[in-house]
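Structure first, commentary second.
The values are calculated or read from the model by the stated rules, or taken from the named source; none is laboratory data. Fair warning: this is a prediction, and the values are worked out from it, not measured in the lab. Neighbour counts are summed over all protein chains in view; Cβ atoms, including those assigned to glycine, are modelled from backbone coordinates with ideal geometry.
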Amino acid sequence: MRTLKAVHLGSGREAAHWPAPTLPEYAFIGRSNVGKSSLVNMLAGINKLARVSATPGKTRNVEHFRVEGTLAAGRPWMLADLPGYGFARTGRDERAAWKHMIDRYLLERSNLQCVFLLVDVRLEPQRSDLEMVQWLGEQGVPFAIVFTKCDKLAQPKVQGSVALWRRTLKRTWQELPTMFITSAEERQGREALLEFIDGINAEWDARPGHAR
């Protein structure tokens, strides 16, 4: 298993409070309680890197982490944990503030390489997730779909859920996004995600002015 190092760089709602966009960056987003923080911890290999809570809606800001280790011979990169959406108990004003912050981040973060959209494999495609997929596509934001909690279902049901997503997206998409099957508890999908990130980081290094 790859050994990575990760540190929390900061928490903020405005670009002025976010780290300088000098490293390739990957954002994790999804419905509240989809398991974002657990997946972040699993990916980095550090149990308490991102705060995990049984109560949805605890992540209020964009949380940035610097990650380095064996990827691309030590290439450092940044990971951003975004607030979850779809949490009904959050006030309207707070939800509006979150949406404004997330929209600005996704559209204006110049070093953002890919958004990992997390969806609970146990659920049928949810309206809020499909709307996010559509919005990311319309805005030209590169993204991949990450199915979480795959240890909670038998393998045939996991494959059935993924197949349902594919059929649903094919109604409006000619080319489907990359998809990953993961389980934070069983560390499933970690290597596939890291290899995906590694490949993008290699392309980043090849661009003029992006040498590390």
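Some points to look at:
- The residues of the range 192-201 that are surrounded by 13 or more Cβ atoms within 10 Å (Cβ to Cβ) and either out of contact with any Phe, Trp or Tyr (no Cβ under 7 Å at 6 or more places or on another chain) or among the hydroxyl-bearing types (S, T, Y) (or both), listed by number, are L194, F196, D198, I200.
- Residue in the range 95-118 that is within 23 Å of G189 (Cβ to Cβ) and not hydrophobic (A, V, I, L, M, F, W, C) present: yes
- Residues (at pLDDT below 70, aliphatic (A, V, I, L, M) and in a loop (DSSP other than H, G, I, E, B)) located in the range 70-96: A88
- Unique residue being modelled with pLDDT under 80, surrounded by fewer than 20 Cβ atoms within 10 Å (Cβ to Cβ) and farther than 25 Å from W204 by Cβ when the list is K99, K48: K48
- Highlighted here are the helices (runs of 4 or more DSSP H) found entirely within the range 108-212 that include at least 2 residues which are in contact (Cβ under 8 Å) with a residue 60 or more places away in the chain and either of a type outside the set (S, T, Y) or over 22 Å from L4 (Cβ atoms) (or both): 127-139, 190-206.
- Only residues that are among the basic types (K, R) and over 27 Å from I102 (Cα atoms) were counted in the range 126-170, giving 3.
- Filter result for R2 (touching a strand residue (DSSP E or B) at 6+ places or on another chain (Cβ under 9 Å) and buried (at least 16 other Cβ atoms within 10 Å of the Cβ)): no
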